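**Q** Take a look at this one; I'll ask things after.
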Amino acid sequence: MDEEIPELRELRSIPVTPRGLTPAISAPPSQLHSPSLTRSPLLTPTGGGGIKTPARTSGARTPLRTPRFMTPLASPMRRAVVSMRGYLEDVGHLTRLDPQDQWLPITESRNGNAYYSAFHTLSSGVGFQALVLPVAFTFLGWTWGIICLTIAFIWQMYTLWILIQLHESVPGTRYCRYLQLTMATFGEKLGKVVALFPTMYLSAGTCTALIIVGGGSLKLFFEIVCGPNCGSKPLTAIEWYLVFVCLAVVLAQLPNLNSIAGISLIGAVTAVIYCTMIWTISVAKGRLPGVSYEPVKAKSDIARVLGVLNALGIIAFAFRGHNLVLEIQGTMPSTLKHPSHVPMWRGVKVAYLIIAMCLYPIAIGGYWAYGNMIPPNGVLTALYAFHTKDTARSLLGLTTLLVVINCLSCFQIYAMPVFDNLESGYTSKHNKPCPRWLRSGFRAFFGGVAFLIAVAFPFLSSLAGLIGGIALPVTLAYPCFMWALIKKPERYSAMWYINWGLGCLGVLLSILLVAGGIWSLIDTGLKLHFFKPN
């Protein structure tokens, strides 16, 4: 750090003058050896017509001091040096920022804080994917379901900590995007190969799934509010998807990641509320008659293994959002005295404490209430399938509306990396920020593409296990490799074994989950109803 700030090193290397031995001089330390000042009569203690230091009187020790009127010039200079030193300490290492960062939506604003970190992390970390967790328990059972969920939670918390620490792993450089860190770690070509598709898939694929879930929830909300005797002609599923996309594109006109902090807060609050409502209503209604908690009996050993792999993929899918951690941290200011990893980690800890309070009750409570009878789409579908008649329509309607609001909020934060990538191509080519009309066009264009994919592949929300396998390296494997390659822990030390071991295990598990998910789809015969959303 001293190499980058030689002035600060010089200031710190000046020896302190002992008090009481020589007069206290109010000159800046860097000017102590200046010939012009040492020859000044103001600094001459005796003789030569200069001002003498007051003599000591007998019987009393008078401390030697320089009168205030003797330093009219030195005091402003000293204040200037002290203020400059404070500025250097506040700024710390002069981070070399890409000039284009001030034009892109992720890094356009850098006034984030721990609260914004908690809002964004909670909004991206909990949502509709939590509703599928009880399905994983049907393959794993009580014991292994809780054990696997706990291991995955601890593992992803560790990789979160790694990413936050690696955000400024190189002094003077900030990696504000996941892809930037992978390219700096693995090289430009290999970094793009291993990370570009998973991160873009997580962003675009999650936005598509949010359109499917949010549009379907809008349709269900209308049916609940209208009632069984409704005379109006309802919209089709495709039309409800279009309504959801239009709402999402309107919200997407907010300029940057910091500007959607309020939307992330709304999304986080709605997710916590509807998760709590769903498991509370399910548990309050009691267990279904004839419910069973035995793991699903498979036709063969291969089918049993595939079921377990699919369950692990569902758990991995529940812990998404790592592709947004560096982006969220990039919205924060960072100095030597106040590095960005401190408020970021504080916000992440609070967010994941709340996420754990949502995931565990909905997984355990949902499995307790429905057991092996839970539908493949999760506990929300089970609530409407089994408790429509004995639950107030107002509760069902409120739960559905909260799901819609949460999907609209999550769409914004997951779409932000795509918006950033689209605008980055323009700014790098033209060396100027995107005009407002073009920025709005990019966001409307992405909304239209996501809508077409949602209409063409309306079964994407049923592929939780396969999606979890594809996204698993981004969450659990790559951060461990990054730490081992950037921090270079001592060979065969504990950190060396932990990171290389977890990284290799994550890659192996991802390969197994993807293979198992594809085989499971073939074995169970998923109905691929293209362009036919229900």
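**Q** With just the Cα atoms defining each centre, how far is segment 165-221 from segment 471-493? Give it in Å.
**A** For segment 165-221 versus segment 471-493, the Cα centre distance is 17 Å.
**Q** Using a 1.4 Å probe, how large is the accessible area of ARG491, given in Å² and rounded to the nearest 10?
**A** 150 Å²
**Q** Where q = 0.19, 0.20 Å⁻¹, what log10 of I(q)/I(0) comes from the Debye formula for segment 375-462, counting one point per Cα?
**A** Normalising to I(0) and taking log10 leaves -0.98, -1.03.
**Q** Hey, another quick one. Less than 16 Å apart at the alpha-carbon level, and either on another chain or at least 8 residues along: which lysines does that give for LYS219?
**A** LYS233, LYS532
**Q** Also, quick follow-up: Looking at the square roots a ≥ b ≥ c of the eigenvalues of the Cα gyration tensor of segment 225-328, which shape do they give, rounded for a/c under 1.5, prolate if a/b is larger than b/c, or oblate? Spell out each step's value before the answer.
**A** Working: a/c = 1.93, a/b = 1.31, b/c = 1.48.
Oblate.
**Q** At 7 Å along the Cα-to-beta-carbon direction for both VAL283 and SER428, put a label point, then send me their distance in nm to one decimal.
**A** Here the answer is 5.0 nm between the modelled labels.
**Q** Calculate one ³J(HN,Hα) per residue across segment 415-431 by plugging θ = phi - 60° into the Karplus curve 6.51 cos²θ - 1.76 cosθ + 1.60, and present them in order as whole Hz with x for glycine and proline.
**A** 7, 4, x, 5, 4, 4, 5, 5, 6, 4, x, 6, 5, 5, 7, 9, 6
**Q** Taking the Cα atoms of segment 149-260 alone, what are Rg (to one decimal) and Dmax (as a whole number) in Å?
**A** Values for segment 149-260 (Cα only, Rg and Dmax): 20.7, 66 Å.
**Q** Something else about it: With a 1.4 Å probe and every protein chain left in place, tell me how much accessible area PHE442 has, in Å² to the nearest 10.
**A** Looks like 50 Å² after rounding.
**Q** Continuing with the same structure: For segment 292-342 and segment 377-427, what is the separation of their Cα centres, given in Å?
**A** Between the Cα centres of segment 292-342 and segment 377-427 lies a distance of 19 Å.
**Q** Next question, about the same structure. On average, how much area does the Cα convex hull of segment 314-420 cover when viewed from any direction, in nm²?
**A** 8.9 nm²
**Q** Could you work out how far apart the two model spin labels at LYS189 and VAL342 are, taking each label as a point 7 Å from the Cα in the direction of the beta carbon, and quote it in nm?
**A** Result: 4.3 nm between the two label points.
**Q** Trypsin sites (Lys or Arg not before Pro), restricted to segment 345-433: which are DSSP loop and have at most 16 other Cβ atoms within 10 Å?
**A** Here the trypsin sites (Lys or Arg not before Pro) that fit, given the DSSP loop and packing criteria, are LYS389.
**Q** Quick one: putting +1 on the C-beta of Lys and Arg, -1 on the C-beta of Asp and Glu, what dipole do you get for segment 292-373 around its Cα centre, in Debye to the nearest 20?
**A** Rounded to the nearest 20 debye, it is 120 debye.
**Q** As a test question: what accessible area, to the nearest 10 Å², does HIS387 have when a 1.4 Å probe is rolled over all protein chains in place?
**A** 10 Å²
**Q** Pop out the ³J(HN,Hα) list for segment 124-129 in order, Karplus 6.51 cos²θ - 1.76 cosθ + 1.60 with θ = phi - 60°, rounded to Hz; leave Gly and Pro as x.
**A** Result, ordered by residue: 7, x, 9, x, 5, 5 Hz.
**Q** If you don't mind, there's one more thing I want to ask. So for segment 152-201, Kirkwood radius off the Cα pairs, Stokes-Einstein at 25 °C and 0.890 mPa s: how many µm² s⁻¹?
**A** In µm²/s, the coefficient is 211.
**Q** Right, something else. Multiplying the sequence separation of ALA515 and VAL250 by 0.36 nm and subtracting their Cα-Cα distance, what value in nm do you get?
**A** Numbers: separation 265, 0.36 × 265 = 95.40 nm, distance 3.87 nm.
Result: 91.5 nm gained on full extension.
**Q** At a 10 angstrom cut-off on C-beta neighbours, averaged per residue, how do the peptides 164-170, 275-281 rank from highest to lowest?
**A** Top to bottom by mean Cβ count within 10 Å: 275-281, 164-170.
The values are calculated or read from the model by the stated rules, or taken from the named source; none is laboratory data. Just so you know, these numbers come straight off a predicted model, no measurement behind them. As a convention, Cβ positions derive from the backbone with ideal geometry for all residues, glycine included, and neighbour counts pool all protein chains shown. For accessibility, only protein heavy atoms count, side chains too; no ligands or nucleic acids. Shrake-Rupley method; radii C 1.70, N 1.55, O 1.52, S 1.80 Å.
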